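Supplied in structure tokens, the structure appears directly below.
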Amino acid sequence: MRTPVGLRLDYLSAAEYQSASPADVLGVATFSGPPGTAAADGVIPVAEVNTPLLPGTASVYEVWRSDEPAESGSRNRVRFRRSGNFLFGCIALAESEIAGAPGAPPALHVATVEAYREICATLDALGYPHLLRVWNYLPDINRDLDGTERYRLFNRARQDALSACGRALTGSVPAASALGAASGSPLLVYFLAGRTAPTFIENPRQTSAYRYPRQYGSHRPVFSRATLLRQGGGLTLFISGTASIVGHRSIHVGDTAAQTRETLTNIAALIEEANRVDPAARFSLSSLAFKVYVRRPADVPVIRAELAAVLGSAARVICLQADICRQDLLVEIEATGSCALKADS
Ligand code: 3EB
């Protein structure tokens, strides 16, 4: 996917990644890849996400490229690579390495706060103030910890940290995904940030996540439904993890096919909203690449059939196994794409 804005996303197999030129790679996320292999020379930051492999699938390399000169570095535990306009970064923190004490907050809280504080400090220090897109992977996302689901603990910690860093908690907040990872893996956060602010897109069919009622947790999830970046000759749309939620409620509980269709309807609504908010935009379902998170491996054929019915068989789709942040959701889909500006804009 060549974009006119200097950012490009590819989903590659291990073999494709190994044979691709590393010259213009800004950052990589691997899913179920063997640890360490993608990091080759240690120059390119690699977010190693520990999602269990789906039967019959291989590891996936999510590769972000930039056509500007780039340089790598690290700041505390954030590893990054940056070009003139963009910064890709990642941080992994093991809960097992955080010393517990009676009365102290849970290790997941501490890890989340530290990750977000280090990310914000890095963005401030390097001058990429605008978070465009954040991916969060936490082990055992649906497990209870002292009576509270770990995803809800994560939400509280994310909000605490962003607030302490002086960042917005509503409105101007990045697109995001938050998924489970295999037990025992670290909390892993990776992100894209930029020098210029994106436009923040909400879904007319859904309550903004940062306004969810308290039944979903004492602290709201801090993310926008999508961000839209206009730069140079083009636009890039980052659609957050999207599920079968209308208003604030999960719908089609227990029906994987219907959840998949509803999720695609939500994504179509976000595309329409992006095209409305920026009249120079002309996104369509066929201009996006899709990353599909499947809770139950046995559901993959049903989900793939629904996707093919709407997107056609040529669509760029990868499937990963991951637990989703509400117990009643069976599938979640994120999407990314670029388009040139309309001729007269
Ligand atoms: C939802 O719409 C589904 O907590 O960062 C999607 C995307 C979801 C991001 C996050 C959560 C997050 O509420 C869950």
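Every read-out reported here was derived from the displayed coordinates using simple, explicitly stated rules and does not represent laboratory data. What you see is a predicted model, and the numbers here were worked out from it, not measured in a lab. All Cβ positions, even for glycine, are placed from backbone atoms using ideal geometry, and neighbour counts span all protein chains on display.
Can you tell me the length gained on complete extension of the stretch Ser218 to Val43, counting 0.36 nm per residue apart and subtracting the Cα distance?
Between Ser218 and Val43, full extension yields 59.0 nm more.
At a Förster radius of 41 Å, what calculated FRET efficiency corresponds to the Cβ-Cβ distance of Thr170 and Ala23, to the nearest 0.05?
0.55
Among the DSSP beta bridges whose two residues both lie in the chain, what percent are antiparallel, rounded to the nearest 5?
75
In Å³ and rounded to a whole number, note down the convex hull volume per residue for the Cα atoms of the chain.
For the chain, the hull spanned by Cα atoms encloses 130 Å³ per residue.
Rounded to the nearest 0.05, what FRET efficiency is calculated for Thr207 and Ser313 with R0 set to 30 Å and r the Cβ-Cβ distance?
In this case the efficiency is close to 0.30.
So, one more: Would you order Arg211, Arg117 from fewest to most other beta-carbon atoms within 10 Å of each residue's own beta-carbon?
Arg211, Arg117
A further question on this structure: Please arrange Lys342, Lys291 by counting, for each residue, the other beta carbons lying within 10 Å of its beta carbon, fewest first.
Placing the least packed residue first, the sequence is Lys342, Lys291.
Sorting Thr263, Thr51 on the 10 Å Cβ count, fewest up front, what's the list?
Final ranking by Cβ density, sparse to dense: Thr51, Thr263.
Tally Lys/Arg at +1 and Asp/Glu at -1 over every other residue whose Cβ is under 10 Å from the Cβ of Lys291; what's the total?
Overall, the nearby charge balance is -2.
For the chain, what are the DSSP H helices with axial Cα length of 20 Å or more and mean Kyte-Doolittle hydropathy of at least -0.5?
107-126, 256-277
Give, in nm to one decimal, the length gained when the segment between Ser284 and Asp67 is fully stretched (0.36 nm per residue of separation minus the Cα-Cα distance).
Here the answer is 75.7 nm.
Can you give the extra length, in nm with one decimal, that the chain gains between Thr57 and Ala94 once fully stretched, where that is 0.36 nm per residue apart less the Cα-Cα distance?
Stretched out fully, the Thr57 to Ala94 stretch lengthens by 10.6 nm.
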